[in-house]
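**Q** Provided herewith is a single structure, encoded as structure tokens, for subsequent inquiry.
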Amino acid sequence: MNPLPLRDIHLPDAVSWWPPAIGWWLLPLLVIALVFFIRWLIKRLRYQPVNKRVQLEFEHLQQAYQQHRDARQLAADISVLLRRSCLSYKDRKHSASLTGDAWIKALNSISTVQFSDDIAQQLLSAPYRRQADIDADALLAACHAWISGLPKERGQAQ
């Protein structure tokens, strides 16, 4: 005889894997947000405006000219720097093949400072002459002024 009517232990139902708890819903969102934040942070830390990079390279060219005092080499180096600057601001398809006056017009369209006709002629012809009889100080001053007039961002060219 059983004085107390006891029943056997009832176990709860097994925990279902679906729907997951709120933490499992938030975890993928957190991972995606973290990936985008890390990409933004890396881009922000590496970011250096184009005009600052051109300015640094120009300063290196000035220092190199102070050592070698070769005006033809200076004109060639400045020509390369200006061409690379033009490619940084303009579409490569339209600016890579420019020569002569079209190249000077493209350079003048990027910066707020324009090259004068005599400096433009020096930029066009001096790198290809055997003896470059140029006014290096005037060329350096004109290029420094042109670089100072560059916009910070690529899409801001005139």
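Every read-out reported here was derived from the displayed coordinates using simple, explicitly stated rules and does not represent laboratory data. Everything numeric in this text was worked out from a predicted model, so none of it was measured. Using ideal geometry, Cβ is built from the backbone for each residue, glycine included, and neighbour counts are taken over all protein chains shown.
**Q** For all pairs of alpha-carbon atoms in segment 52-91, what percent lies in each bin of width 5 Å, listed from the first bin to the last filled one?
**A** 6, 25, 30, 22, 11, 5, 2
**Q** Where the only charges are on Cβ atoms (+1 Lys, Arg; -1 Asp, Glu), what is the dipole of segment 50-156 about its Cα centre, to the nearest 20 debye?
**A** Taking the Cα centre of segment 50-156 as origin, the dipole is about 520 debye.
**Q** Let me ask you something else. Round to the nearest 0.05 the FRET efficiency obtained for R39 and H94 when R0 = 41 Å and r is the Cβ-Cβ distance. Working shown, then result.
**A** Values: r = 30 Å, r/R0 = 0.73.
E between R39 and H94, to the nearest 0.05, is 0.85.
**Q** Here's something else I'd like to know. Can you find, among H144, N51, L74, the residue sitting farthest towards the positive end of the charge dipole of the chain, where Lys and Arg contribute +1 and Asp and Glu -1 at Cβ?
**A** The listed residue farthest towards the positive side: N51.
**Q** Same structure, new question: If R0 is 41 Å, what FRET efficiency do you get for E153 and D13 from their C-beta distance, rounded to 0.05? Show your work: numbers first, answer last.
**A** Numbers: r = 61 Å, r/R0 = 1.48.
Between E153 and D13 the formula returns 0.10.
**Q** Measure off 7 Å from each Cα along the Cα-to-Cβ vector at I32 and D70, then give the distance between these two points in nanometres to one decimal.
**A** With each label placed 7 Å out from Cα toward Cβ, I get 5.7 nm.
**Q** Got a sec? How would K105, K43 order by Cβ neighbour count within 10 Å, fewest to most?
**A** If I rank by nearby Cβ atoms, fewest first, I get K43, K105.
**Q** Working from the pairwise distances between different alpha carbons, so that the mean of 1/r is found and then inverted, what is segment 14-61's Kirkwood radius in Å?
**A** Taking the inverse mean of 1/r over all distinct Cα pairs, segment 14-61 comes out at 14.5 Å.
**Q** Can you tell me the dipole magnitude for segment 34-101 around its Cα centre, using point charges on the Cβ only (Lys, Arg +1; Asp, Glu -1), in Debye to the nearest 20? Could you put the intermediate results ahead of the total?
**A** Numbers: 13 positive and 6 negative charges, 93 e Å.
Once rounded to the nearest 20, the dipole reads 440 debye.
**Q** Additional query: What Kirkwood hydrodynamic radius do you get for the chain when you take the inverse of the mean 1/r over all pairs of distinct Cα atoms, in Å? Before the final figure, lay out the partial values.
**A** Working: mean 1/r = 0.0495 Å⁻¹.
One decimal place: 20.2 Å for the Kirkwood radius.
**Q** Here is a follow-up. Report, in deg cm²/dmol and to the nearest 500, the calculated mean residue ellipticity at 222 nm for the chain, where each DSSP H run with n ≥ 4 adds -39500 (n - 2.57) and the sum is divided by the residue count. All intermediate terms of the calculation are to be shown ahead of the outcome.
**A** Details: 7 runs with 100 residues, N = 158.
Helix-only estimate at 222 nm: -20500 deg cm²/dmol.
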